[in-house]
1. About its Cα centre, how strong a charge dipole does the chain have in debye, to the nearest 20, once Lys and Arg get +1 and Asp and Glu get -1 at the Cβ?
2. How many nm is it between the label spots at D27 and R276, if each spot is 7 Å from the Cα in line with the beta carbon?
3. Helix-derived [θ] at 222 nm for the chain: sum -39500 (n - 2.57) over DSSP H runs of at least 4, divide by residue count, nearest 500?
4. Please state the relative contact order of the chain as a whole percent: Cα pairs under 8 Å, 6+ residues apart?
5. Calculate the length of the line joining the C-alpha centroid of segment 263-278 to that of segment 52-93, in whole Å.
6. Lysines within cross-link reach of K99: Cα-Cα under 26 Å, excluding same-chain residues under 8 positions apart?
7. Taking a cut-off of 17 Å between Cα atoms, list the aspartates and glutamates near K207, but don't count ones fewer than 8 places away on the same chain.
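Every read-out reported here was derived from the displayed coordinates using simple, explicitly stated rules and does not represent laboratory data. This is a predicted model, so every value here is computed, not measured. No Cβ is skipped: glycine too gets one built from the backbone with ideal geometry, and neighbour counts run over all protein chains shown.
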Amino acid sequence: MSKQPFLIAPDPTKSWILDETVSDEFDSATIDRNKWITDMRPWGDRAWSPDNLIQGDGSLRIRARYQPHTQRGNQYFYKLGILQSHRKSTYGYFEARIKGCSRFPGLCPAFWLYSNGRDRNPKYPRVTYSEIDVVEMLQGTWDTATKQISSPNRIDCNLHTRVLDEAGREQWIRPQHLPEVCSHHWNAPWDPRDDFHVYACENTPEKITWFIDGKKVAEAENLYWHLPMSVTLTMELRPPLIDWAGVDGRVPVPSESTSKGFPTEMTVDYVRCWVRRPE
């Protein structure tokens with residue numbers, strides 16, 4: 001029998017077909033370049049480097065390292081790893097088994113889906129961008145109630161989108177703009193740095209549902225997440241190493257840059273993506 005989603009209480013009405021084009025057990029000695037993109041231009045505070053992806057012994061390690069440098073006239077303090085699928089997906093079940101990195105705060109191991117801003121769905125003409133964060137861990141989010149950063153066991157499952165307003169102008173919709181739909185988190189009874197856990201989401205035309213270790217932890221109405229999206233695994237910088245500012249929404253903070261805690265790695269045992277078997 002083919003691999004099926006890891007669920008504590010699977011829906012007996014749903015049958016899944018593994019999509020091999022966006023799934024990987026990472027069992028080979030090298031990364032499958034026909035399946036994955038590993039070299040991307042700098043983006044905001046993030047400078048990607050293919051040598052921060054290390055595959056072997058049945059897993060993929062995505063590294064972040066302290067390496068001050070200048071690229072395209074911009075100053076960066078770290079180099080990070082990204083793995084992104086060539087093929088894009090929209091609806092289905094997306095799952096990865098991941099162990100977080102050792103450094104906290106300042107880094108965010110992430111498993112997410114996002115569109116390129118060009119592909120459109122004619123059924124949803126106002127939507128110009130879709131992003132589903134299956135998991136963002138170790139973010140160290142500032143808690144306005146406790147006046148301190150959140151603990152490492154906070155697991156974030158958020159949504160982001162851009163839509164056209166009545167005048168045809170693009171507007172961001174993010175957790176701070178529409179929290180009842182876009183903002184979701186779960187406080188785990190364990191530390192994601194200590195061991196592997198299975199992070200997943202199901203995207204359907206009606207709703208988005210998140211699962212951790214096979215248990216449903218969040219659900220949202222699918223208002224805008226209907227575009228073709230790349231399956232993506234990354235190491236991301238977070239405060240205090242960056243600030244939420246600038247044209248790209250994040251900028252390095254030179255005074256906080258440090259080699260302490262670097263290099264560090266997140267480890268991915270597998271990524272598996274399914275589509276529904278036709279009824």
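1. Numbers: 35 positive and 37 negative charges, 105 e Å.
Charge dipole of the chain: 500 debye, to the nearest 20.
2. Computed distance between label sites D27 and R276 equals 3.0 nm.
3. 0 deg cm²/dmol
4. Working: 695 pairs, mean separation 83.3, N = 279.
30 percent.
5. Using only Cα atoms to place each centre, the spacing works out to 15 Å.
6. Straight-line reach from K99, under 26 Å: K3, K35, K79, K88, K215, K216, K260.
7. Output for K207: D11, E95, E131, D133, E180, E219, E221.
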